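Novice: Okay, here's the structure, questions in a sec.
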Amino acid sequence: MPQSISDFFLKLTPFDFRLLSVIEILMAKYEVVPTEEIAAYMHYTEKKIKASLARLRSFKLIFMAQRHYLGAALSFIGYDALALKALVEKGIIAQIGPEIGAGKESNIRLAVNDEGTKFIIKMHRLGKLDFRATRRARAFIAEKRHISPLYESRLSAEREFKALSDLYGAGISVPQPIDQNRHVVAMHIIKGQDLYRIKKNEFQSEKEVMTLFENILYEMKQSVKQGYIHGDLSEYNIRLNEDNYPVFFDWPQFVKTESKQSNRILIRDIQNILNYFKKKFQITVSNPDELLKNILKT
Ligand SMILES: Nc1ncnc2c1ncn2[C@@H]1O[C@H](COP(=O)(O)OP(=O)(O)OP(=O)(O)O)[C@@H](O)[C@H]1O
Ligand SMILES: [Mg+2]
């Protein structure tokens, strides 16, 4: 993110925000929305929205593109602004804090609620938005196979929120979800450390390592019981909380157990875990098939 979110939040007028959300609405129809259409939708002249468009652009909230018409499209930062504003208005977010991580497919920030409690906002970012690279000016809707990166990111956030809600509700060790808007998921912080960062000597004994291994398998089994397979489980998507208990996060790519590929994906998840324990702690399992059977047994 090139500048602090609170920065443009303070500088944007209600009119700017309205314009931003009109562009969002019209992007259901256009990849790049003609400014003429934006103005017409708002019952203004193009001249009247010009300064506001320039301001949105200067904050990198929109792209402007000259096709055979002049058009505008939301950037990820613009989409962030709309989602965060909605969460602020709903009373979920009181203040937005610093970015604490940028994964391949998301930006993670801290936020604070009215009571001063910190939590995580995960802004999904799937696909790449680059309007200079595309020359296509045709209406977006005509091309059904093409999913916009913004829409794809929203679907990903919706999937993650659904998984977290179901799993947390069933008592499985995942971050407690708070809310979701567009491509943004708000959830509780898992205090502790990512598993991949933990050094071998931070474990007191081999027994402690074995307990962790068993707890991970137990949580996998519990999620399978709820119909969920993580689909990207590894030391990179597990945190150890303050009691050293594993918490599984990063769920958007889950598969349901009834899906055709579920066994293959579950085997891959198990294999990732086995590889980690083998490489880091030289722990090997004599019968991995037995393990799989046990996890699948309800
Ligand atoms: N609820 C949470 N509590 C604490 N830290 C978190 C939480 N969610 C995410 N993080 C931190 O942010 C990082 C990225 O999160 P996550 O894996 O969900 O995003 P991602 O974009 O899918 O990342 P990647 O593509 O690298 O897997 C994690 O490694 C973790 O350190
Ligand atoms: Mg991850």
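Novice: Looking at TYR44, TYR79, can you tell me which residue is of a type outside the set (Lys, Arg), touching a His at 6+ places or on another chain (Cβ under 8 Å) and surrounded by 13 or more Cβ atoms within 10 Å (Cβ to Cβ)?
Specialist: TYR79
Novice: For LEU87, state whether it is modelled with pLDDT of 75 or more, more than 16 Å from ligand 2 (Cβ to nearest atom), assigned to a helix (DSSP H, G or I) and within 20 Å of HIS183 (Cβ to Cβ).
Specialist: Working: modelled with pLDDT of 75 or more: yes; more than 16 Å from ligand 2 (Cβ to nearest atom): yes; assigned to a helix (DSSP H, G or I): yes; within 20 Å of HIS183 (Cβ to Cβ): yes.
Yes.
Novice: Of these, LEU291, LEU240, which one is buried (at least 16 other Cβ atoms within 10 Å of the Cβ), farther than 19 Å from ALA163 by Cβ and within 16 Å of ligand 2 (Cβ to nearest atom)?
Specialist: Exactly one residue qualifies, and that residue is LEU240.
Novice: For the list (1) surrounded by 16 or more Cβ atoms within 10 Å (Cβ to Cβ); (2) modelled with pLDDT under 95; (3) over 24 Å from SER148 (Cα atoms), I need the number of the one condition that GLU31 fails.
Specialist: Here GLU31 meets the rest and fails (3).
Novice: Kindly indicate the residue of segment 157-171 that is in contact (Cβ under 8 Å) with a residue 24 or more places away in the chain and surrounded by fewer than 22 Cβ atoms within 10 Å (Cβ to Cβ) and also nearest to GLU105 (Cα to Cα) among those meeting that condition.
Specialist: ARG159
Novice: Could you say whether any residue in segment 36-48 is under 24 Å from MET123 (Cβ atoms), out of contact with any Cys (no Cβ under 6 Å at 6 or more places or on another chain), free of Cβ contacts under 8 Å to residues at least 12 places away in the same chain and not β-branched (Val, Ile, Thr)?
Specialist: No, segment 36-48 contains no residue that is under 24 Å from MET123 (Cβ atoms), out of contact with any Cys (no Cβ under 6 Å at 6 or more places or on another chain), free of Cβ contacts under 8 Å to residues at least 12 places away in the same chain and not β-branched (Val, Ile, Thr).
Novice: I'd like to verify a number: residues in segment 28-60 that are among the hydrophobic types (A, V, I, L, M, F, W, C) and either within 19 Å of LYS85 (Cα to Cα) or in a helix (DSSP H, G or I) (or both), how many?
Specialist: So the count comes out to 9.
Novice: Give the residues of segment 224-250 that are near ligand 1 (Cβ under 9 Å from one of its atoms) and β-branched (Val, Ile, Thr), sorted by residue number.
Specialist: Of everything in segment 224-250, just one residue is near ligand 1 (Cβ under 9 Å from one of its atoms) and β-branched (Val, Ile, Thr), namely VAL247.
Novice: Among residues belonging to segment 251-290 that are closer than 30 Å to HIS188 by Cβ and in a loop (DSSP other than H, G, I, E, B), point out the one that is farthest from ligand 1 (Cβ to nearest atom).
Specialist: Only one residue fits best here, namely GLU258.
Novice: Okay, moving on. I'd like the full set of residues that are more than 17 Å from SER156 (Cα to Cα), in contact (Cβ under 8 Å) with a residue 40 or more places away in the chain and buried (at least 16 other Cβ atoms within 10 Å of the Cβ), limited to segment 89-108.
Specialist: ILE92, ILE93, ILE96
Novice: Moving to a separate point now. Can you pull out every residue in segment 177-197 that is farther than 17 Å from ARG159 by Cβ and either assigned to a helix (DSSP H, G or I) or more than 16 Å from ligand 2 (Cβ to nearest atom) (or both)?
Specialist: Residues satisfying the conditions are HIS188, LYS191, LEU195, TYR196, ARG197.
Novice: Inspect all residues belonging to segment 205-223 and state whether any of them is near ligand 1 (Cβ under 10 Å from one of its atoms) and assigned to a loop (DSSP other than H, G, I, E, B). Give the steps one after another, and end with the answer.
Specialist: Here is the first cut: in segment 205-223, the residues near ligand 1 (Cβ under 10 Å from one of its atoms) are none.
Within segment 205-223, none of the residues are near ligand 1 (Cβ under 10 Å from one of its atoms) and assigned to a loop (DSSP other than H, G, I, E, B).
Novice: Could you check segment 209-262 and list, in sequence order, the residues that are without any contact (Cβ under 8 Å) to a residue 40 or more places away in the chain and aromatic (Phe, Trp, Tyr)?
Specialist: The one that is without any contact (Cβ under 8 Å) to a residue 40 or more places away in the chain and aromatic (Phe, Trp, Tyr): TYR218.
Novice: Within segment 193-203, does at least one residue satisfy the condition of being more than 20 Å from the chain's Cα centre (by Cα), more than 28 Å from ASN107 (Cα to Cα), aromatic (Phe, Trp, Tyr) and modelled with pLDDT under 95?
Specialist: yes
The values are calculated or read from the model by the stated rules, or taken from the named source; none is laboratory data. Small disclaimer: the values here were computed from a predicted structure and weren't measured. Heads up, the Cβs are rebuilt from the backbone with ideal geometry, glycines too, and the neighbour counts pull from every protein chain shown.
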